[in-house]
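**Student:** Sharing a structure, written as structure tokens. Questions coming.
The values are calculated or read from the model by the stated rules, or taken from the named source; none is laboratory data. The structure displayed is predicted, hence computed values, not measured ones. Heads up, the Cβs are rebuilt from the backbone with ideal geometry, glycines too, and the neighbour counts pull from every protein chain shown. With ligands, DNA and RNA removed, areas are computed over all heavy atoms of the protein, side chains included. Shrake-Rupley method; radii C 1.70, N 1.55, O 1.52, S 1.80 Å.
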Amino acid sequence: MSAVSIQRIWGAALTLWGVAILLVARQFPRLADHHPGPALFPAVVGSGFVITGILLVLLKPHDAAWKPITLEWHRGLIALGLCLLLPWVAFMAGFMIPLAIVVAVVAWLAGLSWWKALIAGSLTGVVIFYLFTNLLRVPL
Amino acid sequence: MSGLFSWEGILALLLGGLYGALFGAIPGLTATLAVALFIPVAFFLDPAVALPAIIAISTVAIFAGDVSSTVAKIPGTPASAAYFESLFRLSRREGPLYSLGISAIGSAVGGLIGSLLLILTASVIIKVARQFSSFEYFWIAVLGLTAGLFASGGSTLKAMASLLVGLFFALVGVDPTLGYARFSFGNAQLLGGLNYIVVMIGLFGFSEVLTQLWEPDKEQEEVKMARQTARAFFGRPWGLILREKALVFRSSLLGVLVGFLPGAGADIGSWVSCSLERIRQIRSGKEERDDTILLAGTTSNNAAVASAWIPALSLGLPGDTITAIVLGIFMMKGISPGPLLFDQQPHLIQSLYGTFIVCNLLLLPLYGYLAALLARKLLHVSKPLLLSVITGLCIVGAYAINHEIRDIWVMAGMGVLAYALKRGGFPLAQIVLGMVLGPLLEQNFMVSAIKSRWDITSFFDRPLALGLMVATLVIIGVGIRFKHRVGANT
């Protein structure tokens, strides 16, 4: 995928985002006395999105430094999935153990051997938990 | 000044500074949170001891926000988001002792200039501040957004898109004038809006984790391995400060001027100063210099920390969230802020002035050096370990702000969005700028428009407002002209 296509995809996405904002803003109440109500700023921002998006589609990009890359999707997706799951698990098991697991898995995904990742995860999880709850008095 | 020079006062300064350094250095923990959690302790202390402690906490925490920028490329505070990329690059190129030296010594110099201006000109500044109405605040927000737009090194159009994303995030929640829920989609937790600290952790912290996991072969910026001495921290930054005297004074003055406006504070001061420095560099046609951008931002935000106390003490109006908490402590102690405070409690005011000077003169260099030594060690930690620690801090930091589970999801979502935006070449710092200035812009526009019965000419007929509008037009003109000159006209 070239820099031109990336910019056009973003331009199209921003235009759609802007249209969606404008559609939602139309449902906000309008007031008497020429007061546009709470829709004014969303309409301005939505229009800005549409104009910027269209210009991004039409104009040539200047990102000479852009280069294609090979992504290892699964590694980031696992980390992301664990972050999304953590709040649910934290309800049942408290914050410290799920946090240690997430940290250990990220260390393993980033290249540590599984046993080093396990030690790193456990230590980091415990240290962060106690740093916040005991030393800084921020309850978790 | 008895409170300050008693053993309790000195202990309060040292412990307050240490506590502020810890909070500032951890992504997600801010100076405001540090001061808020200090309230129960402050309640039992004499104001002459509690206030120095609060000043030490806020002064050191604002600086310590730069430590996480150096180590993990996560801005510790919204103020440091204006220059964190310059700080990160400089740390890799010149080593963390030099970059954090500029940050700490620059903060100290900016803070000292801010404190001296506070002492010398408080009464004059109060008179000017009283002239500011919602019209001037509106133009201040427009000026800040415009400066941020043209200050981005790359495409102006992409910077505009990022700014709009930030402005959209600022729209989520209850509308500031009528209280109507917008873009909350029936979710009660979204009524309070998106917290920009949570957004910042996702944009800059978690996105970095995702980038490293998704692109394992991505080239890492090498950390300068040469052994650095204390001279890199205490000596070389002074050379830069002396060479850039005009920049230091201009940024400090700008920080003071923006800081004393209620509701503005260090964030906007830092953004405007960095943007002006970037525009100046584009204008001179030279390559972007990270050291001067860092110096502009860091002097400005600490100068603003001092001046934010002016409206709090003299008018009872908080200059930022920290002084809002301080006003609460004043009330708990039965002290009424206002012009009479200067006559009725002269020892308190003198102690306050003295504390600002001591904090900037001694605490910032001391804790700054310790923080730089720690950052130097942390920069050599292996990548997998650093990524796992950043992930842990991102999760806990996002949750700790409001104790909302939802914030972890927001943080993760922002990480994905930031990754996609970075791949598309969009700058991220402008998103934070949009979120910080969006509410100020909308609220003051609506208030002004309602006050003037939607007579738009009233936005231009006050001398101060007109001056700010002309400054905005000058920035637009200079920005367009020089963006064309460097060829980044999209």
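**Student:** Is it the case that B:Val41 is out of contact with any Pro (no Cβ under 9 Å at 6 or more places or on another chain) and farther than 29 Å from B:Thr292 by Cα?
**Tutor:** yes
**Student:** Also: Name the residue, out of B:Gly186, B:Gly193, B:Gly154, that is over 23 Å from the mean Cα position of the chain (by Cα), of a type outside the set (Lys, Arg) and either part of a loop (DSSP other than H, G, I, E, B) or surrounded by fewer than 18 Cβ atoms within 10 Å (Cβ to Cβ) (or both).
**Tutor:** Selected residue: B:Gly186, the only one of B:Gly186, B:Gly193, B:Gly154 that is over 23 Å from the mean Cα position of the chain (by Cα), of a type outside the set (Lys, Arg) and either part of a loop (DSSP other than H, G, I, E, B) or surrounded by fewer than 18 Cβ atoms within 10 Å (Cβ to Cβ) (or both).
For every residue, the table says whether it meets (1) at pLDDT 75 or above; (2) open to solvent by 30 Å² or more (accessible area, probe 1.4 Å).
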residue: B:Leu247; (1), (2): yes, no
residue: B:Ser252; (1), (2): yes, no
residue: B:Gly263; (1), (2): no, yes
residue: B:Gly269; (1), (2): yes, no
residue: B:Arg289; (1), (2): yes, yes
residue: B:Asn302; (1), (2): yes, no
residue: B:Leu317; (1), (2): no, yes
residue: B:Asp320; (1), (2): no, yes
residue: B:Thr323; (1), (2): no, no
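Here is a yes/no grid of residues against (1) buried (at least 22 other Cβ atoms within 10 Å of the Cβ); (2) more than 8 Å from chain A (Cβ to nearest Cβ); (3) at pLDDT 85 or above; (4) part of a helix (DSSP H, G or I):
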| residue | (1), (2), (3), (4) |
| --- | --- |
| B:Ile390 | yes, yes, no, yes |
| B:Leu393 | yes, no, no, yes |
| B:Gly397 | yes, yes, no, yes |
| B:Ala412 | yes, no, yes, yes |
| B:Gly415 | yes, no, yes, yes |
| B:Lys422 | no, yes, yes, yes |
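**Student:** Run B:Val381 past the list (1) under 30 Å from B:Met469 (Cα atoms); (2) not hydroxyl-bearing (Ser, Thr, Tyr); (3) not in a helix (DSSP H, G or I) and report the number of the one that doesn't hold.
**Tutor:** Only one criterion is unmet by B:Val381, namely (1).
Residues are listed down the side, and each one gets a yes or a no for (1) closer than 26 Å to B:Leu247 by Cβ; (2) touching a Gly at 6+ places or on another chain (Cβ under 7 Å):
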residue	(1), (2)
B:Val35	no, no
B:Ala56	no, yes
B:Gly76	yes, yes
B:Arg93	yes, no
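**Student:** Just give me the residues in region B:399-410 being open to solvent by less than 40 Å² (accessible area, probe 1.4 Å) and without any contact (Cβ under 8 Å) to a residue 40 or more places away in the chain, in sequence order.
**Tutor:** Within region B:399-410, B:Tyr399, B:Ile405, B:Ile408 qualify.
**Student:** Looking at region B:452-461, is at least one residue under 15 Å from A:Leu40 (Cα atoms) and surrounded by fewer than 22 Cβ atoms within 10 Å (Cβ to Cβ)?
**Tutor:** Checking region B:452-461: at least one residue is under 15 Å from A:Leu40 (Cα atoms) and surrounded by fewer than 22 Cβ atoms within 10 Å (Cβ to Cβ).
**Student:** With the requirement that a residue be of a type outside the set (Ser, Thr, Tyr), more than 9 Å from every other protein chain (Cβ to nearest Cβ) and open to solvent by less than 20 Å² (accessible area, probe 1.4 Å), what does region B:196-217 give you?
**Tutor:** B:Ile197, B:Val198, B:Val199, B:Met200, B:Ile201, B:Gly202, B:Leu203, B:Phe204, B:Gly205
**Student:** Taking the options A:Pro68, A:Pro87, A:Pro61, name whichever one is open to solvent by less than 40 Å² (accessible area, probe 1.4 Å), modelled with pLDDT under 75 and more than 14 Å from B:Thr391 (Cβ to Cβ).
**Tutor:** The match here is A:Pro61.
So that you can scan it fast, the table gives a plain yes or no per residue for (1) surrounded by fewer than 24 Cβ atoms within 10 Å (Cβ to Cβ); (2) in a helix (DSSP H, G or I); (3) aromatic (Phe, Trp, Tyr); (4) under 13 Å from the mean Cα position of the chain (by Cα):
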{"position": "B:Phe23", "(1), (2), (3), (4)": "no, yes, yes, no"}
{"position": "B:Phe38", "(1), (2), (3), (4)": "yes, yes, yes, no"}
{"position": "B:Ala61", "(1), (2), (3), (4)": "no, yes, no, yes"}
{"position": "B:Gly65", "(1), (2), (3), (4)": "no, yes, no, yes"}
{"position": "B:Leu87", "(1), (2), (3), (4)": "no, yes, no, no"}
{"position": "B:Ser91", "(1), (2), (3), (4)": "no, yes, no, no"}
{"position": "B:Val109", "(1), (2), (3), (4)": "no, yes, no, no"}
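**Student:** Looking at (1) crowded, with 16+ Cβ neighbours inside 10 Å; (2) at pLDDT below 95, which one does A:Gly48 not meet, given that it meets all the others?
**Tutor:** It is condition (2) that A:Gly48 fails.
**Student:** Test of understanding: among B:Lys383, B:Lys333, which residue is over 28 Å from B:Trp214 (Cα atoms) and either of a type in the set (Val, Ile, Thr) or over 27 Å from the mean Cα position of the chain (by Cα) (or both)?
**Tutor:** From the options B:Lys383, B:Lys333, the qualifying one is B:Lys333.
**Student:** Here's another thing I want to ask about it. Run A:Trp114 past the list (1) modelled with pLDDT of 85 or more; (2) at the interface with chain B (Cβ under 8 Å from one of its Cβ atoms) and report the number of the one that doesn't hold.
**Tutor:** Answer for A:Trp114: the failing condition is (2).
**Student:** Moving on to the next point. Is it true that B:Arg376 is part of a loop (DSSP other than H, G, I, E, B) and open to solvent by 30 Å² or more (accessible area, probe 1.4 Å)?
**Tutor:** For B:Arg376, the condition - part of a loop (DSSP other than H, G, I, E, B) and open to solvent by 30 Å² or more (accessible area, probe 1.4 Å) - is not met.
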